[in-house]
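Data block below; observations after.
The values are calculated or read from the model by the stated rules, or taken from the named source; none is laboratory data. What you are looking at is a predicted structure, and each value in this text was computed from that prediction instead of being measured. All Cβ positions, glycine included, derive from the backbone under ideal geometry; neighbour counts span all protein chains shown. Heads up: the accessible areas ignore ligands, DNA and RNA and are worked out on the full protein's heavy atoms, side chains in. Shrake-Rupley method; radii C 1.70, N 1.55, O 1.52, S 1.80 Å.
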Amino acid sequence: QVQLVESGGGLVQPGGSLRLSCAASGSIFRNAIMGWYRQAPGKQRELVARYTSGGNTNYADSVKGRFTISRDNAKDTVYLQMNSLKPEDTAVYFCNAGMRSGVHYWGQGTQVTVSS
């Protein structure tokens, strides 16, 4: 059974930091391109950060220099470190596992709210 379980969301003041975690089923983690997406109210889901098939990373322009995606292969976990958070970063953040077959798996989402 495929499982992506996110954690780490919450309420933070502007300028603050949060770290999101996504624990994946082992078979998925080893064979998928992992990434983070987000969806704000009334907006489409958008890419935040992801690994490429070559192991490099891509970031949305809006988060470059503030967010960092990383992974711990021993724990089958991918992280999103978010620094210098802004109110416009408020969204539900989703972990994504993209398989070579084209199938995508999604976590349940974790709410991030940036507000004073």
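How large a share of the accessible area of the chain, in percent, is made up of carbon and sulfur atoms when the probe is 1.4 Å and the other protein chains stay in place?
45
Would you mind getting me the FRET efficiency between Arg30 and Ser62? Use the beta-carbon distance for r and R0 = 22 Å, nearest 0.05. List each step's numbers first, then the result.
Details: r = 30 Å, r/R0 = 1.37.
Here the calculated transfer efficiency is 0.15.
Rounded to two decimal places and with Rh computed the Kirkwood way over Cα pairs, what is Rg over Rh for the chain?
Values: Rg = 13.4 Å, Rh = 14.1 Å.
Expressed as Rg/Rh, it is 0.95.
On a straight-distance basis, which lysines could pair with Lys43 in a cross-link, Cα separation under 23 angstrom, same-chain partners fewer than 8 positions away excluded?
Lys64, Lys86
Before I look further, what does the chain give for accessible area per residue, probe 1.4 Å, in whole square angstrom? Don't skip to the end; give the middle numbers.
Working: 6200 Å² over 116 residues.
Result: 53 Å² per residue.
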